[in-house]
Each structure stands twice: as structure tokens, then as C-alpha cells.
1. Would you point out which residue out of 45, 35 is open to solvent by 20 Å² or more (accessible area, probe 1.4 Å), over 21 Å from residue 192 (Cα atoms) and touching a residue at least 40 places away in the same chain (Cβ under 8 Å)?
2. Residues that are aliphatic (A, V, I, L, M) and over 20 Å from residue 169 (Cα atoms): list the helices (runs of 4 or more DSSP H) wholly contained in segment 303-411 that include at least 3 such residues.
3. Looking only at residues in segment 355-376 that are open to solvent by 70 Å² or more (accessible area, probe 1.4 Å) and modelled with pLDDT of 90 or more, which one is farthest from residue 335 (Cα to Cα)?
4. Within segment 43-64, is even one residue over 23 Å from residue 9 (Cα atoms) and either at pLDDT below 95 or of a type in the set (S, T, N, Q) (or both)?
5. Please go through (1) open to solvent by 70 Å² or more (accessible area, probe 1.4 Å); (2) at pLDDT 95 or above for residue 273 and return the number of the only condition it doesn't satisfy.
6. Scanning segment 70-102 for residues that are open to solvent by 30 Å² or more (accessible area, probe 1.4 Å) and in contact (Cβ under 8 Å) with a residue 12 or more places away in the chain, which turns out farthest from residue 215 (Cα to Cα)?
7. Could you check, for segment 215-233, whether at least one of its residues is farther than 30 Å from residue 2 by Cα and either of a type in the set (A, V, I, L, M) or surrounded by fewer than 22 Cβ atoms within 10 Å (Cβ to Cβ) (or both)?
8. Of the residues that sit in segment 268-282 and are part of a helix (DSSP H, G or I) and within 25 Å of the chain's Cα centre (by Cα), which one is nearest to residue 246 (Cα to Cα)?
Amino acid sequence: MRYGLIGEKLGHSHSPRLHALLGDESYALMPVARDALDGLLKNGDFLGLNVTIPYKRAVIPYCAELGETARQIGSVNTLVRRADGSLFGDNTDAFGFAKMAESAGIDFAGKKALVLGSGGTSLTACYVIRKAGGEAVVISREGENNYACLDRHSDADVLVNATPVGMYPQVEQSPVNLERFARLSGVLDVVYNPLRTRLLLQAEALGIPRAGGLTMLVWQAVRARELFEPEHIPPGRVQYALSTLRREISNLVLIGMPGCGKTTVGQRCASALGWPLIDTDTEIENRAGKAIPQIFADDGEPAFRALESQVIAELGRGCAKVISTGGGAILSPENRHNLKMNGVVIRLMRPLEKLTTGGRPLSKDLETLRRMETNREPHYAACADRTVRNDGTLDLCVQKVLEGFDEALRD
């Protein structure tokens, strides 16, 4: 193995795909038990390694030299085998964290930043914040600055989540309520699965600049590659890697009024992307064992909505799917969160008189549709990343949806 990632339990990692996008197809995952770490570092046949939990400190004694960043933080996530066989250790997470903040336009100079968590990622975040001229305040479960006394820090300018709270599979969790901090001008979350955590979705709803952990992951890998094989990676290649990886782990979600063409457009988009189309109404019918009008007749709308939320919660946790939703799916805040966390949400709009109404228990006539659209408009607007009008040809609509999908991935 030339290059790869070591850790105790690696699970599903994006690192091999990411390094392939940056130019190294040979990058491999290497789970290493604690009792095998010594032998690997002393005798392993590698040129460079990235290091993750729980070995970022354990590898330090094996390094003949540390980079300044690693020395300051006390944590190593990149090892390079030098010509004489010795190991050089450095920390590229700090570079990735700084680039994540930069991507959101967040400047730490002269600002107070709350850093949630006291582990290795917190140390990295604090190093970057202080080096940039900011004040870093660590919030942990115990000690002087803990979650019970957050109100004393309500004047914070930036909030950083350096904990795993909100990470898959506990995607419904958020470490804090951002409404407690009236001065926030930036939110950073190191979690990258899901792409948009509950914390980031709240920041988005409040209009606060924000960035998630995928940007940090990509840029730390860029710096690691430049240490492995000293060769500058141009920004265009980095942006390509970031947008490509984001596309591969995202969903394309279609929302809009009943009969606006979500399933038909979704079928074409799914074919173009090589992804499956999942229609939430079809999933609901399969689980209930009966058609939607019959669900409404037998069990009522609340039972239908409960089943709809269950289906959306499951679909939202996955990736690489086109998801066509029912017209009222966006009425639930929880549904909106679950659709957006890994999804680029495209709203389809079509003139009311062109909407199909057959077999739709809640949209029987034009007047009903007008009232429905008025009631749902704020929810469609809050959920959508892009809006596409479906009042021309099918080909044009599909083209606009796919263009909007790609544009949103570059945001």
C-alpha cells in the first residue's frame, strides 16, 4: 500500500473516493487494531498515511519530526515516510477547518467563538480560531463553561460544533438552539453525514452564514496529498472533487403541488443520473397495501401523514436517489428537515389549471387547488433550494432541474 487511512474502526469512509478524485486511485482503508499499530508504523510498507480515531495522539512517539501545526495542537492526522525511513507527522485538519470557515465567509479575527466539545477536533478548531485572532471558548459537559451556562455566552459571534451530535444515525439531534445567540454571524459543523445537520438547517433558516464538514474533509485531504507527493493541487481540481463527491452522496428531491409533474420529471432525471426514482406516494401505498384514496377513506389523513413521515425519514438518510414527494409532504417541519439534510430540493411550479387531479383526494377542483397553494406556499418556499417552472416542454424542465441540482451542489 502506498497511501491510505488507518484507524481502529473505519466503517464507511469517503476517503478512498475523495483521494481518487484528487488523483490517487490506490488510496486504501486500513483498519488497525491497537496491538498491531506498533508493527505497522515500524515495519509497514507505506509512503504516507492519514490517521483517524483513536490514533492521532498514539502515532506521535513514532515521528522523528512534527510539523509546527501538529506540535501546537498535539495531534497528528498525516504521516509521511521520508527517504531515510523515518516518519514525519503533521496535522492537516487545521488547514481543512480554516478552509471550511473561509468557504462560508467566516472570519474569526476579533470575534468570540463558542466551540462545542473538548476532544481532538475541538483542539484543532481552537488552534485555528486563536491563530486568526479570535477568542475560542470551549463548551463541554463539565467544567466552568458547560451546556448549563450557555446563556453567559449569548454574545458569541461564531458557533462551532466539534462534537458528533447530529451525525448519522442520530440525525434528528442538534447540540444547541441557535436562537439563544442573537449576535451569531457564522455557524460551522464538522459533521458531514448528513450533509446538512439540524444545526446547519437552523442556521440556514435564520439566514446565518454556515458550512458543513464535507468541505473540511476535502481540504484536509488536499493538504495531505500535497505532503504525500509535493505537487500543488489547483483550486479547480479541488472544487471538482468537492462538487463530485457532494453529488454522489446527495439526493435530488422534487416537491410541488399535486399533479405538477414530479414523478414524470423525476423518472427522466433518475435516468440521466443513473439513480433509482423513489416516489413517496408509491412507497406509502406499498406499505399500506392499498391506494392513497383508500387510505384516506379508511384511516383518515393523519394516518396517511404519519406513514408519509416514516417513509421520508428513511429515504432522507440515504443518498444517490431521486425522490418524488407528495404535494403535502412539506407541511411537516420534520419532513422538510429530512428531505433537505442530504437532498437538493427542487420545487416544480405549474399553472393551477394544468395540474392533474385524478385520484387525488385533496385536490378535486380549481378552487380547492387555489386555497391549497396559498396555504402551502410558505412551506414550499422554505424547503426549496431551487425553483423550476414546468410550463414548457418536458425536456426543458428536466434540463432546468438538472442544472439547478448542479448549481446548488456548488453553493
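1. Working: 35 fails: touching a residue at least 40 places away in the same chain (Cβ under 8 Å).
Matching residue, one of 45, 35: 45.
2. 366-383, 394-409
3. So the residue we want is 374.
4. no
5. Going through the list (1) open to solvent by 70 Å² or more (accessible area, probe 1.4 Å); (2) at pLDDT 95 or above, residue 273 breaks only (1).
6. Taking segment 70-102 and keeping what is open to solvent by 30 Å² or more (accessible area, probe 1.4 Å), we get 71-72, 81-85, 88, 95, 98-99, 102.
Within this subset, residues satisfying the condition of being in contact (Cβ under 8 Å) with a residue 12 or more places away in the chain are 72, 81-82, 88, 95, 98-99.
Numbers: 72: 23, 81: 27, 82: 29, 88: 25, 95: 11, 98: 10, 99: 7 Å.
Selected residue: 82.
7. No; the residues of segment 215-233 include none that is farther than 30 Å from residue 2 by Cα and either of a type in the set (A, V, I, L, M) or surrounded by fewer than 22 Cβ atoms within 10 Å (Cβ to Cβ) (or both).
8. 273
The values are calculated or read from the model by the stated rules, or taken from the named source; none is laboratory data. Note that this is a predicted model, so its numbers are computed, not measured. So basically every Cβ, Gly included, is an ideal-geometry build from the backbone, and we count neighbours across all protein chains shown. Side chains are part of the model used for accessible areas, which takes the heavy atoms of the whole protein and leaves out ligands, DNA and RNA. Shrake-Rupley method; radii C 1.70, N 1.55, O 1.52, S 1.80 Å.
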